[in-house]
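Student: First the structure, then my questions, so here it is.
The values are calculated or read from the model by the stated rules, or taken from the named source; none is laboratory data. All figures in this text were calculated on a predicted structure; none of them were measured in a lab. Please note: Cβ atoms are built from the backbone with ideal geometry, for glycine as well, and neighbour counts cover all protein chains shown.
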Amino acid sequence: MQFIDSHAHLNDPAFDQDRDRLLSDTLPRAGLCASIEIGCSPNEWQEAIDLAEKYPSLVAAVLGVHPEYAPLYKKEYLPRLQALLKHPQAVAVGEIGLDYTCLEESPKQGQQNLFVQMLDLANENQKPIVLHVRRAGEDFAAYDDCFALLKEHFKGNTQTDFPGVLHCFCARYEEAKQALDQGFLLGINGCFTYKKNDYIREAIKKVGADKIILETDCPYLSPQGKRGQRNDPSNIPLIATYVADYLNIPLEQLAQLTTKNTKALYGLP
């Protein structure tokens, strides 16, 4: 079986002591054939490309600006991001979107303006997008606003089979359907395994395994049984086991579907 971690932050300082060992030994032994590195602030873009260049058969890079960094983003950064997106290992724009849990630090209008700029960039470069959408409490307005902006500003792309992924899916079937209706995949991680998250599992059961991909968002969101520990891509098979058991399908089938979807999303060989 082969797996892909579709969303990781291996350049995080949490991996400074063993990053090379993870990539050269731990991940291949765990059945990982690829890990997608997310560079979601200007100081992470080059690091993501560097990691992809060092491990070209294992790592690809996604570059963008996370909504929490909207107040810090300057237009002068745009030419550098445009240039880096031309790199052959840069496979998508992200993670981008709306995060309504940090509106005091990053006001709503600024996040939305930044999101539109990132969508324009994806349109120009014919890249899929990695969406970060986070609600505030029980208010799901961030999803409604995100998909309204997508309908208005995102043209999709012709280079890959999917326009993007709703990363770290932590919502209801209503929000899942909004994503699916626009052709997006859903990124499933350790949140799926947490005991309190029945609503996520119920939504994914309605969606089905053919519209999801697997991720860790490491070093965060370790799956149940490893909570409190640093997360890393070698936990993908554990997350996959939880998902396969809940959906009542063979693990091998889930691995095949999610790996195929991730390769199709990012245009991986």
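Student: Output the number of the condition that Asp99 fails; it satisfies all remaining conditions of (1) crowded, with 16+ Cβ neighbours inside 10 Å; (2) without any contact (Cβ under 8 Å) to a residue 12 or more places away in the chain.
Tutor: Only one criterion in (1) crowded, with 16+ Cβ neighbours inside 10 Å; (2) without any contact (Cβ under 8 Å) to a residue 12 or more places away in the chain is unmet by Asp99, namely (2).
Student: Condition test on Lys151, is it more than 30 Å from Glu76 (Cα to Cα) and either part of a strand (DSSP E or B) or not polar (S, T, N, Q) (or both)?
Tutor: In short, no.
Student: Further question on the same structure: With the condition kept exactly as written, say whether any residue in region 66-73 is touching a residue at least 40 places away in the same chain (Cβ under 8 Å) and among the hydrophobic types (A, V, I, L, M, F, W, C).
Tutor: Yes, region 66-73 contains at least one residue that is touching a residue at least 40 places away in the same chain (Cβ under 8 Å) and among the hydrophobic types (A, V, I, L, M, F, W, C).
Student: Is it true that Lys74 is out of contact with any Lys or Arg (no Cβ under 7 Å at 6 or more places or on another chain) and at pLDDT below 95?
Tutor: Taking the combined requirement at face value, the residue satisfies it.
Student: So for region 10-20 (the condition being at pLDDT 95 or above, crowded, with 23+ Cβ neighbours inside 10 Å and either among the aliphatic types (A, V, I, L, M) or in contact with a strand residue (DSSP E or B) (Cβ under 6 Å, 6 or more places away or on another chain) (or both)), does at least one residue qualify?
Tutor: Scanning region 10-20 turns up at least one residue that is at pLDDT 95 or above, crowded, with 23+ Cβ neighbours inside 10 Å and either among the aliphatic types (A, V, I, L, M) or in contact with a strand residue (DSSP E or B) (Cβ under 6 Å, 6 or more places away or on another chain) (or both).
Student: Hey, does region 36-43 have a residue that's over 21 Å from Thr262 (Cα atoms) and in contact (Cβ under 8 Å) with a residue 24 or more places away in the chain?
Tutor: yes
Student: Considering only residues that are among the charged types (D, E, K, R) and within 20 Å of the chain's Cα centre (by Cα), which ones fall in region 228-259?
Tutor: Our first condition is that a residue be among the charged types (D, E, K, R); within region 228-259, this holds for 230, 232, 245, 252.
Within region 228-259, Arg230, Asp232 qualify.
Student: Given the condition in contact with a helix residue (DSSP H, G or I) (Cβ under 9 Å, 6 or more places away or on another chain), of a type in the set (Val, Ile, Thr) and farther than 18 Å from Lys263 by Cβ, answer yes or no: does some residue in region 216-230 qualify?
Tutor: Among the residues of region 216-230, not one is in contact with a helix residue (DSSP H, G or I) (Cβ under 9 Å, 6 or more places away or on another chain), of a type in the set (Val, Ile, Thr) and farther than 18 Å from Lys263 by Cβ, which makes the answer no.
Student: Does at least one position in region 170-189 carry a residue that is more than 25 Å from Leu58 (Cα to Cα), hydroxyl-bearing (Ser, Thr, Tyr) and without any contact (Cβ under 8 Å) to a residue 60 or more places away in the chain?
Tutor: There is at least one residue in region 170-189 that is more than 25 Å from Leu58 (Cα to Cα), hydroxyl-bearing (Ser, Thr, Tyr) and without any contact (Cβ under 8 Å) to a residue 60 or more places away in the chain.
Student: In addition: Does region 127-141 contain at least one residue that is surrounded by 24 or more Cβ atoms within 10 Å (Cβ to Cβ), in a helix (DSSP H, G or I), among the hydrophobic types (A, V, I, L, M, F, W, C) and in contact with a strand residue (DSSP E or B) (Cβ under 9 Å, 6 or more places away or on another chain)?
Tutor: Checked region 127-141: no residue is surrounded by 24 or more Cβ atoms within 10 Å (Cβ to Cβ), in a helix (DSSP H, G or I), among the hydrophobic types (A, V, I, L, M, F, W, C) and in contact with a strand residue (DSSP E or B) (Cβ under 9 Å, 6 or more places away or on another chain).
Each row is one residue, and each column tells you yes or no for (1) closer than 25 Å to Leu238 by Cβ; (2) among the β-branched types (Val, Ile, Thr); (3) touching a Pro at 6+ places or on another chain (Cβ under 9 Å).
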position	(1), (2), (3)
Gln17	yes, no, no
Leu27	yes, no, yes
Ala30	yes, no, yes
Ser35	yes, no, yes
Pro42	no, no, no
Gly64	no, no, no
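Student: Which pairs do you get when a residue that is touching a residue at least 60 places away in the same chain (Cβ under 8 Å), found in region 48-61, comes within reach of a residue that is not hydroxyl-bearing (Ser, Thr, Tyr), reach meaning Cβ atoms under 8 angstrom, with the pair 6+ apart or on two chains?
Tutor: Ala60/Ala34; Ala60/Ile36; Ala60/Glu37; Ala60/Ala52; Ala60/Gln89; Ala60/Ala90; Ala60/Val91; Ala60/Leu268
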